[in-house]
Structure formats: C-alpha cells, structure tokens
Amino acid sequence: MGHMGDRKQTNIDRAGEPGGALPPIDEPFRILVEGVVDYAIFMLDPDGRVVSWNPGAERINGYSAREIIGQHFSRFYPPEDLQADKPARELAIATAEGKYEEEGWRVRKDGSWFWANVLITAVRDPSGRLRGFAKVTRDLTERREAAANLERYEALLRAVLATLPVGLLVTDREGRIVLSNQAAERLWGELREGDDMIDRYSQTTACWADTGKPIGINDWPLWRAVRDGESMLNAAIELERNGERRFLFKSAVPLRDATGQFTGAVIVDQDITDRHRAEQQLGETQAHLAQAQKLEAVGRLAGGIAHDFNNLLTVINALSLAILKRLPAADPNRADLEEIHGAGERAANLTRQLLAFSRRQVLQQEVLDLNTVVLGVGRMLGRLIGEDITLRFPLAPDLNPIRADRGQLEQVIINLALNARDAMPGGGALTIETANVQVRYGDGDERLGLLPGDYVKLVVSDTGTGMDEMTQAHIFEPFFTTKRQGEGTGLGLATVYGIVQQSGGGIAVSSAPGQGSAFTIYLPQAAQTAEPEQPRDLREAAGGSEVILLVEDEPSVRRLTANLLRGYGYAVLEVSGGQQAIELARAAPRPIDLLLTDVVMPGLSGPELAEQLRAQLGDFRVLYMSGYSDLASRHGYALEGAPLLQKPFTPEGLGRKVREVLDAGSPAEQLR
C-alpha cells in the first residue's frame, strides 16, 4: 500500500517525463469542468495522486484544491476499503480494462459518509502509454434515501393489499389473471397467474341485483373494461356458485399504457351478502345504519394507515420536490423524479378524500361568517361553471357565525356547485343562499341527527335534470355516481357528507326528475363573533434566524424537516424523543423560540413535552405536527386551537406555517 502515501507533488505538469502527470488542460475544457458543481471531476497521476480539482469535487468531498492536490485519492475511502487495498485494485482494473465504475460509500473531509457513483477512466497518450486517470464522482445519497423510502412505501402498499377485506384482481388484455389477493380467492376459489377470468364468469350464474336480469358474458364489468375501455364502479351483482348465492359490489377499471392502449383491467369485488340480507330484513332505517357502518369501516381502514402513509408521503413528496428544484431542466433524471412526486401527490389526495368522507380528518376549525366564505368562493365559481349558468346569492344580512374548517367548507360549496353544473348541460341557474334556522323536535329536521338548537342553513340549488328517489337514496355513498363512465369517481358527495357530519351538522336533499335539486346543509351556530377575514398570504414562505427545537421520532421525517428548516435560515436543534429534547433545550446556548414536535411519540408525547419545557424554561411558541387523522378519538389529544401541521406537508407549507406561528403575538397556552 505504498501508493497511499501523502508525498506532495511539487510539479503537476510533468508531461515530458516517462509516466509523468497529465499535460495541461485546454482552456475551454477547463472552464467547462470548473463550471460543473454537481460532479466531482478531477485527474490522477499514474500513482493515484490528485493533480487537478474542480469546484464540484470541493463541494462533494469537502477538500479545497490547496489541501488535496498532490495527495493520494485513497483518503476518500472508508477504512475497510483501505484495508482491502480497494483503491489500488480500482486503478488496476481501470488500467487493464480502460475504466472502472461502481456505486459505494466514500468519506468526506469532515468524516461524514456519502453514497457515490464513481467512474475512473484510464488516460493514455497516442503511443498507448498510461499518463494517469480521469475520475468523476456523483453524490447519490439523497436519491438513495428517496429510493429506500419508496421501497418502504411499496412494502406498506403490498401489506395493505394482502389484508384488504375486498377481492382484488388484475388481468391482462385478454382477461387472464396477473395478480390476485386472498380475499379474491375466498370468493372465486384458487386463483393462479394466467387463469382465464372470463371463462370463470361464463361458468357462473349471475344477474344484476337491482333488476334481476341475467348478465351475458359480454356485459360483465371485466369484459367491458378490457374490450371497450369502460369503467364500471359498484355494479350490484347477484351470483350463484357451487349452490351458494352471493351479492357483490363489482368494479372494473381499464389499465392503459403510455400510448393509451388497453393493457388489462383492475377488478374489485366487495362481498355484501350479509349486509344485503340484513337490509332486506331491517328496512329503510337499518339501511341508513348500514351506510354509516360502511363509512366507519372505510374510516377505520383509512385512519389506520394514514399515519404511516403520511410520514412516508411527507418524505417522498417533499424530498422529490426539493431535488427537482435543484436539478437543471435538461437533467435525464427529472422525468423519473416528477413521476415519483406525481404519484406521491395522488396518494396524498386519495388519503385526504378517504378521510373526508369517513369523517376522520383533522379539522382546523375557526369562527367564520358563512356569507364571507360563500362570496369568497363565488368569485371563482363563475370560471368553473361557465357563462351559460346564472349565479345567485340571496344571503341573510344578519347571519349568525359558525365554527368550521374554512378549507373544508369551501370544498363543500365547490363540490355541490360542480355537481349542479353537470346537472345543467344546457345552462340554468345556480342559487346559493344562507339563513338562520332553529331546529325543534317534531319539525322533521331531527331525522338528520341534529340536536335541537340554533343553526345556520346553507342551501345550494339548481334548475337541472333532478333525481329520482332511488338515486337520492344512494348519492352520499362512496363511489356511487350517476355520471357516465370516466366522468366521475363517486367521491364528491360522499366527501361533502363526511365534512358536514364531522362539523356537527347535517345535510338533506330535495329533488325530482326535471325539477332540479336543492342540497340543504345545517351547521351549528357558534357562540363567538366571527373575526374579520384577513387577506391570505400567497407569497413564498419566508425564513428567519430563530432557534427551533425539532422533536420527531421518525428518522427520515426528522432529517428532511431539519434540512428544510436550515434551508430557510433557522438554527435547528433536532432530537428523536422528549427526554433528549429537555436535556438539549437546557444546554442550548440560546433559548428556543419554537418547539416543533410530533404529537404521538414513544415516552413523552408532544403536548406533555411542551408542558414540561414551559414549566422549566418559560414561554415559547409551539407547533405540533402529526400524520394521524384522528388524534382525539384514537389518542385522546384535543388539539383544538393549537397550531397543527398535518403530514404530508410540502417545503413551502412547512416554511409558511413555521413563520406564521413565529410571527403570531405572544405565545399562547396551546394544550393542557
């Protein structure tokens, strides 16, 4: 290992000597190399000593050119690689084969490790004599961590798939099985890859449950999906297999490749036999109870996985977005990263929708003037619903305040307005009105589950096609839709229903074919007076220099959050638990300005930590963050009124929320 010595090279331009260093680099090429900051590009002499060093090498490895030129490149390797004489072997391979390439760990000047892609190329003169080596290194640490987080996310999805209570099948273009889960096998028997699902259907006696009409093989949802590209959601089917009658909700959605060609289908079978029989026996009242139970079941599933999903999505979405901002437009990795970020955003949106209609979202409630919210949304509705629809706003001038989540309430109004637009393809009128109402026993409103008292009423009505009674009985069910295939998911009104219910209100519909529809929402009156609406700050998040104590037990989320906060200029103290946070805060040279803490952690919870730190250090601001969707019911934490950052969050969302809390007045008592 004599080649690893630190003997300094005093003359790096020894082109005339046998085996000497490389000749000088042409000026244009030197300018190009020195302009690259994302790649470490440097040259080695035949013995492995550094003879040139670009700014990217300084940024990635931590050494300045003055420190490293003349030194052996082996100082970038971990101890075990040095013991195995790996640097010498790499040069030997590059000499024999012309190049050496690998990914592996390397060591910076400060002792930290990073995952690198390394390419060593032998450089020879026209006579074939070895003159040295060109070495290019890329820091792939962040990409490797993102890939690891994506693998964890995929593993979690696989686990969820295995435990889903509904049958899931994926087929190819001909209807042959590609993937199935255990619930599907319980319904259809043993399923193997390559089995013909169309053939299985042809051996089954089945009919549409709503009409009792037989289903021909050409009408099966799967066949229509792979043949016509037609989605069918929650088709009610009664079938008989092996002498047993079962009732299913059957959905089939076509799969397409990048060119838009059908490649197969996804089929979901929900066995509703027990519920169907119960509904037949119990009548309309019990049917409403079954609907509530279905929403509760979906809510338990969504709420149970939301925490882990939101932690993973926080890292995936924020880290992919941060890396995208640093990559140049022509970087070949942008497309893959954009695909990762887009998938993460879609997963986050789906989680939010599931939690909304299952009434398990964390609401940021405040005292509001409903008229102000309606008029604010109304300014954008004109662009959404089109010029052929007239908007009317008969709002009560003396409207009482309500307590609700502004964003969720805006979503309710927009969803109802878009449904009204779709019901008026030839134009019409959309009316949004408000009024104060009082609910008493005996006036009919108690059927919505409302307690007697003072309420504020919001009515969204249209002059559209209207609905029959059968449609009205199902409109708030998740995935139920009257729109044509491919035009709706069936989550809009289910989401509206969940938000209203979680806000303590009720919703009713009045409609008839050809006579339009009216949705009436009741929201409890608030005791306080609504605060004047403040203009929303749409600027990019501002940073600061305050001291932030970050407490998060999930390592990947903690590292990401700390890096983002430091990028905004804050001084960050980061720990994984409550006891370490107390010790670190006591020893900190500067008092902390903000405690940013997860709510649910091993040992001390976030609220308990805040209470103990305040008792010892005095007052400071607190911002909680959580990936759980039902903190109050699941963990007993009532965070009403306390600042909360819901996971997954974006870098801008984190920066704005932190700045908002720091810029608030004197720190308030946020949780007891």
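So which of ALA571, ALA585 ends up being open to solvent by less than 30 Å² (accessible area, probe 1.4 Å), without any contact (Cβ under 8 Å) to a residue 60 or more places away in the chain and of a type outside the set (Asp, Glu)?
Values: ALA571 fails: open to solvent by less than 30 Å² (accessible area, probe 1.4 Å).
Going through ALA571, ALA585 in turn, just one is open to solvent by less than 30 Å² (accessible area, probe 1.4 Å), without any contact (Cβ under 8 Å) to a residue 60 or more places away in the chain and of a type outside the set (Asp, Glu): ALA585.
Looking only at the stretch 117-141, which residues are hydroxyl-bearing (Ser, Thr, Tyr), open to solvent by 20 Å² or more (accessible area, probe 1.4 Å) and within 17 Å of ARG106 (Cβ to Cβ)?
To start, the set of residues in the stretch 117-141 that are hydroxyl-bearing (Ser, Thr, Tyr) comprises 121, 127, 137, 141.
Next, from what is left, pick out any that are open to solvent by 20 Å² or more (accessible area, probe 1.4 Å): 121, 127, 141.
Selection gives THR141 alone.
Among LEU550, LEU594, which is touching a residue at least 60 places away in the same chain (Cβ under 8 Å) and either closer than 30 Å to THR141 by Cα or in contact with a Ser or Thr (Cβ under 7 Å, 6 or more places away or on another chain) (or both)?
Working: LEU550 fails: touching a residue at least 60 places away in the same chain (Cβ under 8 Å).
From the options LEU550, LEU594, the qualifying one is LEU594.
From the list GLU193, GLU238, GLU244, pick out the single residue that is modelled with pLDDT of 80 or more and farther than 30 Å from ILE475 by Cβ. Before the answer, list the steps.
Values: GLU238 fails: farther than 30 Å from ILE475 by Cβ; GLU244 fails: modelled with pLDDT of 80 or more.
Step by step, each of GLU193, GLU238, GLU244 is checked, and only GLU193 is modelled with pLDDT of 80 or more and farther than 30 Å from ILE475 by Cβ.
State which residue pairs qualify: first residue touching a residue at least 40 places away in the same chain (Cβ under 8 Å) and farther than 15 Å from VAL50 by Cα and inside the stretch 118-130, second residue of a type in the set (Gly, Ala, Ser) and surrounded by 16 or more Cβ atoms within 10 Å (Cβ to Cβ) in any location, beta carbons under 8 Å apart, and separation of 6 or more residues or different chains.
LEU130/ALA122
Which residue pairs have Cβ atoms closer than 8 Å, lie 6 or more positions apart in sequence or on different chains, and pair a first residue in the stretch 472-483 that is over 12 Å from TYR497 (Cα atoms) and of a type in the set (D, E, K, R) with a second residue that is modelled with pLDDT of 75 or more and open to solvent by 40 Å² or more (accessible area, probe 1.4 Å)?
That search, which allows pairs on different chains as well, returns LYS483/ASP422.
Out of the residues in the stretch 588-599 that are crowded, with 16+ Cβ neighbours inside 10 Å and not hydroxyl-bearing (Ser, Thr, Tyr), which is farthest from ARG659 (Cα to Cα)? Spell out the reasoning first.
Pass one, the stretch 588-599, residues crowded, with 16+ Cβ neighbours inside 10 Å: 592-599.
So of that shortlist, the ones also not hydroxyl-bearing (Ser, Thr, Tyr) come out as 592-596, 598-599.
Values: ILE592: 15, ASP593: 11, LEU594: 10, LEU595: 13, LEU596: 12, ASP598: 18, VAL599: 20 Å.
Looking at the filtered set, the residue picked out is VAL599.
Of the residues in the stretch 66-92, how many are of a type outside the set (S, T, N, Q), over 17 Å from LYS109 (Cβ atoms) and open to solvent by 10 Å² or more (accessible area, probe 1.4 Å)?
Residues in the stretch 66-92 being of a type outside the set (S, T, N, Q), over 17 Å from LYS109 (Cβ atoms) and open to solvent by 10 Å² or more (accessible area, probe 1.4 Å): 8 in total.
Filter the stretch 142-159 for residues that are at pLDDT 80 or above, in contact with a helix residue (DSSP H, G or I) (Cβ under 7 Å, 6 or more places away or on another chain) and open to solvent by less than 70 Å² (accessible area, probe 1.4 Å) and give the result.
ALA146, ASN149, LEU150
Could you tell me whether any residue of the stretch 362-382 is at pLDDT below 80 and on the phi > 0 side of the Ramachandran plot?
no
Given the criteria at pLDDT 80 or above, open to solvent by 40 Å² or more (accessible area, probe 1.4 Å) and either within 24 Å of ILE499 (Cβ to Cβ) or among the aromatic types (Phe, Trp, Tyr) (or both), does LEU233 qualify?
On the way: at pLDDT 80 or above: yes; open to solvent by 40 Å² or more (accessible area, probe 1.4 Å): yes; either within 24 Å of ILE499 (Cβ to Cβ) or among the aromatic types (Phe, Trp, Tyr) (or both): yes.
It is true that LEU233 is at pLDDT 80 or above, open to solvent by 40 Å² or more (accessible area, probe 1.4 Å) and either within 24 Å of ILE499 (Cβ to Cβ) or among the aromatic types (Phe, Trp, Tyr) (or both).
Cβ-Cβ under 6 Å, sequence separation 6+ or interchain: first residue in the stretch 260-274 and touching a residue at least 40 places away in the same chain (Cβ under 8 Å), partner open to solvent by 10 Å² or more (accessible area, probe 1.4 Å) and of a type in the set (Val, Ile, Thr). Which pairs?
Every condition considered, the pairs that remain are VAL266/VAL170; VAL266/VAL253; VAL268/VAL166; GLN270/VAL166.
Just to be sure I understand, how many residues within the stretch 203-212 are under 21 Å from ARG275 (Cα atoms) and either open to solvent by less than 60 Å² (accessible area, probe 1.4 Å) or at pLDDT 85 or above (or both)?
Looking only at that region, the number is 5.
I need every pair where a residue in the stretch 325-336 that is polar (S, T, N, Q) has its Cβ under 9 Å from the Cβ of a residue that is open to solvent by 60 Å² or more (accessible area, probe 1.4 Å) and not in a loop (DSSP other than H, G, I, E, B), sequence separation at least 6 or different chains.
That search, which allows pairs on different chains as well, returns ASN333/ARG143.
Do any residues in the stretch 181-201 that are farther than 19 Å from LEU164 by Cα have Cβ atoms under 8 Å from those of residues that are open to solvent by 30 Å² or more (accessible area, probe 1.4 Å) and in a loop (DSSP other than H, G, I, E, B), where the two are at least six apart or on different chains, and which pairs are they?
So the pair list comes out as ASP196/GLU174; ILE198/GLU174.
Would you mind stating whether GLU174 is at pLDDT 85 or above and loosely packed, with under 14 Cβ neighbours inside 10 Å? Working first, answer last.
Working: at pLDDT 85 or above: yes; loosely packed, with under 14 Cβ neighbours inside 10 Å: yes.
In short, yes.
Which one of the conditions (1) open to solvent by 10 Å² or more (accessible area, probe 1.4 Å); (2) at pLDDT 65 or above; (3) out of contact with any helix residue (DSSP H, G or I) (no Cβ under 8 Å at 6 or more places or on another chain) does GLU338 fail to meet, given that it meets all the rest?
(3)
Quick one: which strands (runs of 3 or more DSSP E) lie wholly within the stretch 361-433 and hold at least 1 residues that are open to solvent by 40 Å² or more (accessible area, probe 1.4 Å) and more than 14 Å from ASP462 (Cβ to Cβ)? Steps first, answer last, please.
Values: elements: 365-368, 389-392, 402-405.
In the stretch 361-433, 365-368, 402-405 are the strands (runs of 3 or more DSSP E) which contain 1 or more residues that are open to solvent by 40 Å² or more (accessible area, probe 1.4 Å) and more than 14 Å from ASP462 (Cβ to Cβ).
The values are calculated or read from the model by the stated rules, or taken from the named source; none is laboratory data. The shown structure was predicted, so the numbers you read here are calculated from the model rather than taken from an experiment. Methodologically, a virtual Cβ is constructed for each residue, glycine included, from the backbone with ideal geometry; neighbour enumeration extends over all protein chains shown. These area figures cover heavy atoms from the full protein model, side chains too; ligands, DNA and RNA do not enter into them. Shrake-Rupley method; radii C 1.70, N 1.55, O 1.52, S 1.80 Å.
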